[in-house]
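Inspection log for the structure reproduced underneath, given as structure tokens.
The values are calculated or read from the model by the stated rules, or taken from the named source; none is laboratory data. These figures come from a predicted structure and were not determined experimentally. Counting neighbours? That spans all protein chains shown, and the Cβs are built from the backbone with ideal geometry, glycine included. Ligands, DNA and RNA are stripped out before the accessible areas are found, and what is left, the full protein with its side chains, is counted by its heavy atoms. Shrake-Rupley method; radii C 1.70, N 1.55, O 1.52, S 1.80 Å.
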Amino acid sequence: MNLNHLEGFVIGHSDPTNELHEEGCDLEELRALSKLRCLRIYRLERAVTRVSVFVDKTLLKELTLYWISPEEDGDDEGDDVTWTEQQFQAVEKLCDELSPPSSLQDLTIRRFPGRQLPFWLMSTSLDKSFPNLAFLRFWYLKSCTELPPPGMLPLLKHLDVTGGEAIKTIGPEFLGRKFPGASAFPKLEHLEFDEMPNWEEWSVWRMEENGQGPHLKLFPNLKICKIIECPKLRALPEGLSHATKLKELYLDSTQDLREITNLRLNYKLEVKDNTMLNRISNLSMKYLKVEDCPNLDYVENLDRLQQLVLICPRQMKQLPQWLSTLFSSAKAFLPLSGASENWNCNATSCC
């Protein structure tokens with residue numbers, strides 16, 4: 001068949017009684033569709049036939065793999081879902097055998113219920129397996145404790161990890177193989193972490209014996225970084241300072257984060273609902289928005305700042321002390337640059 005775009009391939013019910021009378025297809029039916037370029041498979045938890053459906057899919061560019069738990073019954077977030085050991089093993093084995101082709105450019109793994117991602121994603125040869133992959137999304141990995149090493153993907157532009165409930169640390173393995181002069185995430189432009197309630201630590205390398213990090217280029221093309229609803233994350237990685245093209249940084253509901261310092265941020269920083277944030281300093285952005293950060297005491301060494309938006313909680317009786325300090329330093333700096341007319345501040349109170 002010449003079908004090349006299939007967005008709604010729904011796996012049929014494996015229960016022979018099928019009391020709900022739900023219809024669907026078998027994975028084997030995909031074998032005849034060798035011309036597929038876009039494929040989205042739903043209800044993979046129903047699949048029972050383990051067959052290599054992607055063997056001849058050399059034209060496949062976009063793939064979505066989507067699971068729904070039997071207990072879920074339409075709950076979009078998948079809360080309070082319990083899987084048995086047998087179910088874990090079955091879903092992990094099935095996913096191991098799917099193994100998409102190297103032609104893939106866009107991959108979404110959605111609500112994968114297993115504890116470990118498939119070997120074809122965890123491989124140290126990820127760059128060879130998926131040399132063309134540009135968009136990678138992991139959405140609602142309820143039980144996975146470890147992410148793959150996407151840092152070695154040569155063409156990856158967009159990486160989104162949302163709903164990683166069991167992930168507590170992201171370490172140097174996230175970068176993949178390391179060797180002198182190499183680049184980690186060489187083409188990545190957009191990096192986003194969202195809804196990771198137990199994520200505490202993000203480190204990008206281990207120190208060598210001489211006390212220095214490895215000679216590695218990190219995030220050379222990163223432009224946008226978003227960290228949202230990650231309340232236990234304690235610090236940004238030191239390696240983020242190597243992102244020389246970083247334009248925008250968004251930190252929302254990262255309540256345990258204490259400071260934002262020493263980043264080569266070119267344009268915008270927005271922080272919201274960061275209750276423990278104490279310091280913002282040594283940054284080069286032009287635009288700063290601060291909303292509901294009650295413990296922020298130090299905002300300093302922002303020599304290129306032109307616009308400040310401050311949104312305070314209604315119960316706040318006076319503007320923070322750091323604001324007057326920042327104004328004083330701005331008055332001293334801006335006339336020398338001839339840009340005093342560009343300085344703008346908006347301070348408002350939340351209702």
How much accessible surface area, in Å² rounded to 10, belongs to the heavy atoms of Ile68 with a 1.4 Å probe? 40
Between Leu59 and Gln86, 0.36 nm times their residue separation minus their Cα-Cα distance comes to what? 6.3 nm
Mind checking the per residue accessible area of the range 275-330 for me, 1.4 Å probe, whole number of Å²? 52
Ranked by accessible surface with a 1.4 Å probe, highest first, in what order do Ser324, Ser284 come? Ser324, Ser284
Protein chains only, probe 1.4 Å: how do Arg234, Arg46, Arg279 rank by accessible area, largest first? Arg234, Arg279, Arg46
Between Val10 and residues 5 or more places away or on another chain, which pairs have amide H atoms under 5 Å apart, with H built 1.01 Å from N, and which residues are they? Cys25, Tyr42
Solvent-accessible area per residue, Å², over the range 75-205 with all protein chains present [probe radius 1.4 Å]: 40
Extension length gain for Leu155 and Glu7 (0.36 nm per residue less Cα distance), in nm, is 50.9 nm
Taking only protein heavy atoms and a 1.4 Å probe, the highest-to-lowest accessible-area order of Lys61, Lys128 is Lys128, Lys61
Full-extension gain in nm, Lys168 to Lys286, via 0.36 nm per residue minus C-alpha separation: 39.2 nm
Too long for a 18 Å Cα-Cα cut-off, among Lys245/Lys286; Lys61/Lys128; Lys142/Lys272; Lys142/Lys226; Lys57/Lys187; Lys247/Lys286, are Lys142/Lys272; Lys142/Lys226; Lys57/Lys187
Provide the percentage of antiparallel DSSP beta bridges, counting only those with both residues in the range 240-317; round to the nearest 5. 0
When the accessible area of the range 90-200 is split by element with a 1.4 Å probe, what percent falls to carbon and sulfur? 51
Carbon + sulfur, % of accessible area of the range 224-324 - ligands and nucleic acids excluded, 1.4 Å: 41
Roughly what would the spin-label model give for Asn301 and Arg31, points 7 Å off Cα along C-beta, in nm? 6.4
